[in-house]
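Q: Mind looking over this structure? Questions follow.
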Amino acid sequence: MKPIITVLSIALLSFLMMNFACSTNLYAQDEQVLENPLLFALVPPPVLSNGSYAHQLETFGNHITTMRAAPRGGDLALMDEYGIIRLLTKEAGFGLASGETQTELGIAVRQPAIHWDGTRALFSMIIGGPIKAFDQSYQNNKWQIYEITNLDKVLEGDTAIIEKVPFQPEYNNISPIYGSDDQIIYTSDAPLFGMEHTYPPLDEYESTPINSGIWKLNPATGTVVHLTHSPSGDFDLFLASDGRVISTRWEHLKRDQQTDATRAGIFDYQPVQYESERADAAPIVGPTMKDGKPYADENGVPWEVFPEARVENDPTRNPNEPLHDFNEFLVWEITENGERHQTMNHVGRHEFGGVYQNPSKLDDPNLVYNLGDLSSNAYRNTVGSDAGIFQIKEDPRPGKEGTFYGTWAREFSRFASGRIFEFSLPIGANPQDMEIVDWTNPIIDSGQENDHGHYRNPVMSTNGTMLVSHTDQTGLFNRDNPYHFQIKKMISLEVSESGTEHSAGPALTGEGLEKEIVWYGDFVEPLRDTVKLHEVDIVEVVERGRPAARLKYEIADIEKEIIEEEGVDATELREWMIDKNLAMIVIRNATERDAGESQQPFNLQVSGGTSTIPKDGKVYNISHFQIFGAELLRSYGSKNHNGRRVLAAPLRNGEHHPDIEEVNMFDEEAAPASIPIREDGSIAAFVPATRALTWQTLSPEGEGIVRERQWVTFAPGEIRTCEGCHGINNLSQAGNIAPQNKPQALRDLLTVWKEMEGNTTGSEENTDAPGRFELHQNYPNPFNPTTQVGFDLPTSSEVEIRIYDAKGSLVQTLANDVFTAGTHSLTFDASGLASGVYLYSIKTKFGIHSKRMLLAK
């Protein structure tokens, strides 16, 4: 008979077990407490620290590898239906026991994710702490992705087998999830376009190291794809049942506050701006005036040009515009191949509430203020400025698809915790109809009697029970007010006008798990801190339906019709864009604006062309569309700063997009990177893919009229249509539906493209590309256990490679992606297969070709 241990004794027994290397099974209760097992992370709080800045549970900078940010001493834990807790990383030989010094073998873990069939799980882990006093070299260790490969057998009692995912880049790779095709989607601080000299990326707020966005790894081939370039980071990935990759994205499209602080004499960050992103680019030391306009400050650092000024003393400030600041965490979506990047369902601050927004022009009474707590939706001030939505998860129950739960949290000193709420946004749902439902009391951080503490990691279980990580503490975290997150079930309290209130029930782990963390710091002798371990990043171990992948390279019907009418082969156009790492943006009518946004001008007209003027008053002429790329140009000399912060720079030729100016119809007489708006209000342009972009419409005098407020990423080969300026959720300001005109700008761009392709074919041909398609015989052959499968492509093509056994059964899809012209070689690993003859088949635009290979073990 298994021994029964009361919940109150778990902390003591856990401490003893970790000290004396006993079995890691803790038998908590003799009756079932869960419908399904839970996988979660045990995370130490900041050790001997009075703050939580950049700790792995915080809202941003949470991939940093110091002992303060990622205290070694954690574990990946499993709780079964009866409350039995097993430390799986310890079982598999990772980590150190309580009281042992967290040196080379010390670990921290985070963010497990269950495979669709429930037999495997991903998580991130960092291995290695300081090995002696004053050691800093351990900070070069990285968060890497690991996989429990036998989770189904673990549930039956087997010892966990944990392996490092192969082929992943040596950067901080966190928040891993399985894609619908079993590729791994994750966030990473890998540098944009591999530009090591810009590492690490720095956010737009504190200039703190940040992740560079969402990435995808094919663990079978080693192919890595950058899906979103995020100037201030993406967090908490989740693949919804409808195939959308959901993330929390930090919004900070604003000018550089560190440089502003330097100019104001608050602190000297020693800002440096480089001429370009090239590794050999020189710092700019510019004149204070250029072409009759303010250009650089007294130190020669150029003033920024987009968006509006942040501070009063910026000489480039338009006196008719308010100062601009922006800080919010919103929910975003993207497809698994990087297309359709937008806020979830195109929801905005007007629907979620949040940031206070001024009218963008001070002399126009038609433009109004917007307050976060005056959102038109049914919610109770859920999202505020300097705050946002974290740890989004979907309801797994049948019939609840598209219903999501998340945590509202402020940005500092709360470990990304706060209140739990629910919203419904399936594909196609209009965000103006969205309702936000608070699950928990809206009072927080107040210390009032009905303040229930802080919540995070909401998970709706398959039986309808909400599980959370919860701490009773209110107010901000510090050593005098230590948070202790434990797994709890939510219980209903009462029904009020706002709905059912919930609160956290008793902790499933009783008093919790305690551990003595010992590590080397800035003292000769090791430091010690006995802490309560946080129980966070909860996931239910249960099989879940594999989402269907969203369709790739969809083109809106109107734009597709124009492409056909112009005699352009859409596949050829797409492959050309992929070869050049480009996408296309099309706007049908920039004078039409969404009815929900009244902070920027909406009485708009194109000179000599279309107009949308829904109200009496000031009318704005718009003549050009200016596009900016997020270029990594700003660095700092103080505080041992490495890395780069992005600045909004007008599109220009560069190392990674060498002919962006040639492929577009930029007006050389207007502001840089400006495209004339056609008489029907339409715009079309080729834009860099996998680089964050933003834009604005301009008056004939070059003044910014309507500005995009977010950074947006496009996928190579994507053709993205925006019906109006910023898109229209339901109706425009004039009460019109989304524009349905055939955009003239697209016809004009296609005409230029056809002429350019006709003139350059041959002269710009890739002379290194093979002259014809060929599928190579695998090498070595026979092989054991790996071999190389190679092929030649004369031009880019979609490529699918499948491996079959001698009976014709599919063994593995080795590749399913777009490859550029050239010679390619992929590794096929047959470690888990029996000896015999196998067939590999490749499907491209050049046909289907197959060859045989022999596995001899």
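The values are calculated or read from the model by the stated rules, or taken from the named source; none is laboratory data. Since the structure is predicted, the reported quantities are computational estimates derived from the model, not experimental observations. Methodologically, a virtual Cβ is constructed for each residue, glycine included, from the backbone with ideal geometry; neighbour enumeration extends over all protein chains shown.
Q: Out of Gly388, Gly399, Gly353, Gly406, I need the residue that is buried (at least 22 other Cβ atoms within 10 Å of the Cβ), among the small types (Gly, Ala, Ser) and modelled with pLDDT of 90 or more. Which one?
A: After applying the criteria, what remains is Gly406.
Q: Limited to segment 169-204, what total is found for residues that are closer than 15 Å to Phe60 by Cβ, over 13 Å from the mean Cα position of the chain (by Cα) and assigned to a strand (DSSP E or B)?
A: 2
Q: Mind checking whether some residue in segment 516-528 is farther than 30 Å from Pro71 by Cα and either in contact with a Phe, Trp or Tyr (Cβ under 6 Å, 6 or more places away or on another chain) or of a type in the set (Val, Ile, Thr) (or both)?
A: There is no residue in segment 516-528 that is farther than 30 Å from Pro71 by Cα and either in contact with a Phe, Trp or Tyr (Cβ under 6 Å, 6 or more places away or on another chain) or of a type in the set (Val, Ile, Thr) (or both).
Q: While we're looking at this one, here's another question. Taking Glu170, is it touching an Asp or Glu at 6+ places or on another chain (Cβ under 6 Å), in the same structural domain as Arg249 (by TED's automatic domain parsing), of a type outside the set (Ser, Thr, Tyr) and surrounded by fewer than 17 Cβ atoms within 10 Å (Cβ to Cβ)?
A: When the stated conditions are applied, Glu170 does not pass them.
Q: I'm checking my understanding of the structure. Among residues of segment 769-788 that are in contact with a Ser or Thr (Cβ under 7 Å, 6 or more places away or on another chain) and part of a strand (DSSP E or B), which one is farthest from Glu572 (Cα to Cα)?
A: The residue in question is Thr786.
Q: Looking only at residues in segment 842-853 that are over 24 Å from Pro166 (Cα atoms) and over 32 Å from the mean Cα position of the chain (by Cα), which one is surrounded by the fewest Cβ atoms within 10 Å (Cβ to Cβ)?
A: Among those that are over 24 Å from Pro166 (Cα atoms) and over 32 Å from the mean Cα position of the chain (by Cα), it is Gly847.
Q: Exactly one condition in (1) surrounded by fewer than 20 Cβ atoms within 10 Å (Cβ to Cβ); (2) at pLDDT below 95; (3) not hydroxyl-bearing (Ser, Thr, Tyr) is false for Asp594; which is it?
A: The single condition Asp594 does not satisfy is (1).
Q: Taking the options Asn729, Asn736, name whichever one is surrounded by fewer than 21 Cβ atoms within 10 Å (Cβ to Cβ) and of a type in the set (S, T, N, Q).
A: Result: Asn736 is the single residue among Asn729, Asn736 that is surrounded by fewer than 21 Cβ atoms within 10 Å (Cβ to Cβ) and of a type in the set (S, T, N, Q).
Q: If you don't mind, there's one more thing I want to ask. May I ask you to list the residues in segment 231-265 that are among the hydrophobic types (A, V, I, L, M, F, W, C) and in contact with a Lys or Arg (Cβ under 7 Å, 6 or more places away or on another chain)?
A: Within segment 231-265, Phe238, Leu253 qualify.
Q: Considering only segment 812-829, I want to know if a residue exists there that is over 33 Å from the mean Cα position of the chain (by Cα), of a type outside the set (S, T, N, Q), surrounded by 15 or more Cβ atoms within 10 Å (Cβ to Cβ) and assigned to a strand (DSSP E or B).
A: no
Q: State which residue pairs qualify: first residue touching a residue at least 60 places away in the same chain (Cβ under 8 Å) and outside any strand (DSSP E or B) and inside segment 596-608, second residue of a type in the set (Phe, Trp, Tyr) and crowded, with 19+ Cβ neighbours inside 10 Å in any location, beta carbons under 8 Å apart, and separation of 6 or more residues or different chains.
A: That search, which allows pairs on different chains as well, returns Pro601/Tyr620; Asn603/Tyr620.
Yes/no matrix, rows are residues, columns are (1) in a helix (DSSP H, G or I); (2) in contact with a His (Cβ under 8 Å, 6 or more places away or on another chain); (3) hydroxyl-bearing (Ser, Thr, Tyr); (4) without any contact (Cβ under 8 Å) to a residue 12 or more places away in the chain:
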{"position": "Thr65", "(1), (2), (3), (4)": "no, no, yes, no"}
{"position": "Arg72", "(1), (2), (3), (4)": "no, no, no, no"}
{"position": "Ala97", "(1), (2), (3), (4)": "no, no, no, no"}
{"position": "Arg110", "(1), (2), (3), (4)": "no, no, no, no"}
{"position": "Trp116", "(1), (2), (3), (4)": "no, no, no, no"}
{"position": "Thr119", "(1), (2), (3), (4)": "no, no, yes, no"}
{"position": "Met125", "(1), (2), (3), (4)": "no, no, no, no"}
{"position": "Ile131", "(1), (2), (3), (4)": "no, no, no, no"}
{"position": "Tyr138", "(1), (2), (3), (4)": "yes, no, yes, no"}
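Q: Which ones in segment 140-167 are in a loop (DSSP other than H, G, I, E, B), among the charged types (D, E, K, R) and surrounded by fewer than 20 Cβ atoms within 10 Å (Cβ to Cβ)?
A: Glu156, Asp158
Q: Then there is this: Exactly one condition in (1) in contact with a Gly (Cβ under 8 Å, 6 or more places away or on another chain); (2) closer than 27 Å to Ile174 by Cβ; (3) of a type in the set (S, T, N, Q); (4) modelled with pLDDT of 95 or more is false for Ser247; which is it?
A: The one condition Ser247 does not meet is (1).
Q: So which pairs qualify, if the first residue must be in segment 408-430 and under 18 Å from Glu501 (Cα atoms), the second must be of a type in the set (Lys, Arg) and modelled with pLDDT under 90, the Cβ gap must be under 6 Å, and the two must be at least 6 apart or on different chains?
A: Going by the 6 Å Cβ cut-off, the qualifying pairs are Trp408/Arg419.
Q: Right, next: Please name all residue pairs, on different chains or six or more residues apart, with Cβ atoms under 7 Å, provided the first residue is in segment 379-399 and is assigned to a loop (DSSP other than H, G, I, E, B) and the second residue is of a type in the set (A, V, I, L, M, F, W, C) and modelled with pLDDT under 95.
A: The qualifying pairs are Tyr379/Ile436; Thr382/Trp408; Thr382/Phe421; Thr382/Ile436; Val383/Phe352; Val383/Ile389; Val383/Trp408; Ser385/Val355.
Q: If I go through segment 173-198 residue by residue, how many of them are surrounded by fewer than 23 Cβ atoms within 10 Å (Cβ to Cβ), over 22 Å from Ala77 (Cα atoms) and not acidic (Asp, Glu)?
A: Residues flagged as surrounded by fewer than 23 Cβ atoms within 10 Å (Cβ to Cβ), over 22 Å from Ala77 (Cα atoms) and not acidic (Asp, Glu) within segment 173-198 amount to 8.
Q: Could you tell me whether Asp30 is assigned by TED's automatic domain parsing to the domain that holds Glu104, modelled with pLDDT of 90 or more and not hydrophobic (A, V, I, L, M, F, W, C)?
A: No; evaluated as a whole, the condition is false for this residue.
Q: Hey, another quick one. Right, Asn381: at pLDDT 90 or above and not assigned by TED's automatic domain parsing to the domain that holds Ala595 or not?
A: On the way: at pLDDT 90 or above: no; not assigned by TED's automatic domain parsing to the domain that holds Ala595: yes.
Here the answer is no, as Asn381 does not meet what is asked.
Q: Provide a single number: the residues in segment 82-95 that are over 18 Å from Ser469 (Cβ atoms) and modelled with pLDDT under 95.
A: The number of residues fulfilling the criteria is 2.
Q: Turning to a different aspect of this structure: If Pro315 satisfies every condition in (1) part of a loop (DSSP other than H, G, I, E, B); (2) surrounded by 22 or more Cβ atoms within 10 Å (Cβ to Cβ); (3) modelled with pLDDT of 95 or more but one, which is the exception?
A: That leaves (2) as the condition not met.
Q: Okay, moving on. Could you look through segment 762-779, keep only residues that are among the hydrophobic types (A, V, I, L, M, F, W, C) and either assigned by TED's automatic domain parsing to the domain that holds Thr795 or modelled with pLDDT of 85 or more (or both), and pick out the one that is farthest from Leu839 (Cα to Cα)?
A: Phe773
Q: Scanning for something hydroxyl-bearing (Ser, Thr, Tyr) and assigned to a loop (DSSP other than H, G, I, E, B), does segment 472-482 turn up at least one residue?
A: Yes, that holds for at least one residue.
Q: Something else: Only one of these conditions is not met by Ile85: (1) more than 20 Å from Asn172 (Cβ to Cβ); (2) surrounded by fewer than 24 Cβ atoms within 10 Å (Cβ to Cβ); (3) of a type in the set (Val, Ile, Thr). Which number is it?
A: In the conditions (1) more than 20 Å from Asn172 (Cβ to Cβ); (2) surrounded by fewer than 24 Cβ atoms within 10 Å (Cβ to Cβ); (3) of a type in the set (Val, Ile, Thr), Ile85 misses (2) alone.
Q: Cβ contacts < 8 Å: first residue free of Cβ contacts under 8 Å to residues at least 40 places away in the same chain, restricted to segment 322-342; second residue of a type outside the set (D, E, K, R), any location; separation 6+ or different chain. Result?
A: If the second residue must be of a type outside the set (D, E, K, R), the pairs left are Leu323/Ala309; Leu323/Val311.
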